[in-house]
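The values are calculated or read from the model by the stated rules, or taken from the named source; none is laboratory data. A quick note: this is a predicted structure, and the numbers were derived from the prediction, not measured. In this analysis, Cβ positions are derived from the backbone assuming ideal geometry, glycine residues included, and neighbour counts consider all displayed protein chains. What goes into the accessible areas is simple: the full protein's heavy atoms, side chains included, and nothing from ligands, DNA or RNA. Shrake-Rupley method; radii C 1.70, N 1.55, O 1.52, S 1.80 Å.
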Amino acid sequence: MVWAFVFVLLGACSRAEGTNAGLKGRVTQKGLEYGQQFGLELVKSLLKREHVPDLNGSYNIPLIGDVGYSVSRIQIQELQLNESVVSFSEGTGVRLVVSNAHMQLSGVWRVKVLFIPDSGSFDLSVRDLSLSAELGVSRDDSGRPQVWSTNCRSSIGRLDVKFHDGASWLYNLFTGALQAPLRYEVNRQLCPELGKGISDLERVLKTMQVSAQLDPFAVIDYSLVNKPVIARDHGDMDLKGEFYGVGKHTESPFSPAPFLLPDEGDHMLLLGLSEFSANSAAFVYFTAGALRKNFRDDMIPKRSPIRLNTGSMGLFFPELKKLYPDMPMELHLSARKQPLLTCHPDSLALALFGAAEAFVVLPNATLASAFLLDLDASLAGQLHLDSAKVGGSVALTNFSMSVVRSHIGSVQVKTLETLLKLALRMVALPMANKKLKKGFPLPSVYNVSLVNPRVKINQGFVLVATDVQYKA
């Protein structure tokens, strides 16, 4: 049923009470209807996978008398769900109504007439089958989704049976006597068999991963933090959306703020990505020491007016050139605090708090500290999204620096700050924007890709509204 598609599209919630979520998402009625075809395939697989329980009984054949029968190994071979409607069941989950369906079954028959046994195979055709069922959704204590079958009803309009092998030519003359008991027994087993399939799905969900390691530093927790909320025209889920360090479950200093997804039914799926999630990731990489990099002169773009050697840097540190004439240098950049992302309407703001320590590379390859600077920068950003990649652009809005310590005398801070701003605007940011414009490929999750996605930056979160396409 469509709930399988719903779980593939896991996102999060808008009007749930309880713990605030870092990630929110919504499957709309449009998305549910698109997933209907996959949901129906799930219904077929659930029913066809199970054997209908054996049927036993007796019936009277004129001139022959009572015939005891046993029908076993009943297997659904074909299931055609011609007319179906899928919808949200408010407060419960998803409702599926099927009418005028056709089902073909096969199995083995055994009879005993006057103490004489006989056996063979049979084909059973069920027509005008109607089925209505609901799938309830919730969450367990570990943050995994729970599902169950409820309010299942079925009815069979017509049933035809044909026996093969043995004295089937005789029993086929009296199949009319079997139709009523077989129709009753088959109809009685449909909902329990569907329930077994849903129980199998529930067992799979109990082993579902609710976290994933992204790289050597970070793990993301995407467990459910609240019970899914099912409204009349959409289904919502709240996911934690918090990053942790690999091997350490240290809580970040940030807390998710509540936010609401807009009422928008033009797309199949809405995703809300909060600034909390991004900032918890920044905290993890900062505490892991991943936000640091060392530079040598051969790593600096050739267009840069500032080189990593004492001759170039001596323009800003007069004593440097005297103490270490014509010697190479290294620059060690690191974050002294975690970066901070803020979402404002139609714009992202990123605050960076860095430190830059310069070293002179001595002839014996050891490093001598020259100076340590604090560097603070503010960037404004935009996001761009299409069906294949995500990109964006950044612009420098503010930059400042200060001297923490110097082993080479006074520092011409203002002059250096001006040149660094120039280098950022003319070299570093254009290079970054070139890469951002090219974009980064979006991963395919369960063979689902985005179709005509739209991204909008709101206060506190980024909204992605999109249709989806599934390719097997």
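What to note about this one:
- Cα-centre dipole for segment 168-275 with unit charges at Cβ (Lys and Arg positive, Asp and Glu negative), debye to 20: 740 debye
- Cα-based Rg of segment 140-271 normalised by 2.2 N^0.38 Å, two decimals: 1.79
- Scattering from segment 246-341 was approximated by placing one identical point on each alpha carbon and applying the Debye formula without solvent; log10 I(q)/I(0) at 0.10, 0.22, 0.23 1/Å stands at -0.55, -1.08, -1.12.
- Around Gly68: net Lys/Arg minus Asp/Glu count, Cβ-Cβ under 10 Å: +1
- Cα shape, segment 303-441, gyration tensor, a/c 1.5 rule: prolate
- Here the Kirkwood formula, the inverse mean of 1/r across different C-alpha pairs, assigns segment 91-186 a hydrodynamic radius of 16.2 Å.
- Charge tally in the Cβ shell below 11 Å around Asp140, where Lys, Arg are +1 and Asp, Glu are -1, Asp140 excluded: +2
- Structure note, pairs Lys293/Lys337; Lys227/Lys248; Lys389/Lys438: Cα-Cα distances above 18 angstrom occur for Lys227/Lys248.
- Relative contact order (percent, whole number), the chain, Cα cutoff 8 Å, 6+ residue spacing: 14 percent
- Of Val455, Asn294, Ser154, farthest towards positive along the dipole that unit charges on Lys, Arg, Asp, Glu beta carbons give the chain: Asn294
- Cut-off under 5 Å, modelled amide H: who pairs with Ser223 long-range: Lys240, Gly241
- Matching label, Cα Rg over 2.2 N^0.38 Å computed from the structure shown, candidates (1) 1.33; (2) 1.48; (3) 1.14: (2)
- Accessible surface of the chain [probe 1.4 Å, protein heavy atoms]: carbon and sulfur percent: 55 percent
- Here segment 351-381 and segment 143-215 have alpha carbon centers that stand 68 Å from each other.
- Placing +1 on each Lys and Arg Cβ and -1 on each Asp and Glu Cβ, with no other charges, gives the chain a dipole about its Cα centre of roughly 1400 debye.
- Shape analysis of segment 157-218 yields a ratio of the Cα radius of gyration to the Kirkwood radius, Rg/Rh, of 1.45.
- Translational diffusion coefficient (Stokes-Einstein; Kirkwood radius from C-alpha pairs) of segment 253-296 at 37 °C, 0.692 mPa s, in µm²/s: 244 µm²/s
- When the alpha carbon coordinates of segment 374-454 are projected onto the principal axes, the ranges are 61, 22, 16 Å, largest first.
- Normalising the average separation of contacting C-alpha pairs (under 8 angstrom, six or more residues apart) by the number of residues puts the relative contact order of segment 238-327 at 23 percent.
- Cα gyration tensor of segment 81-137 - equivalent ellipsoid semi-axes, whole Å, descending: 39, 14, 7
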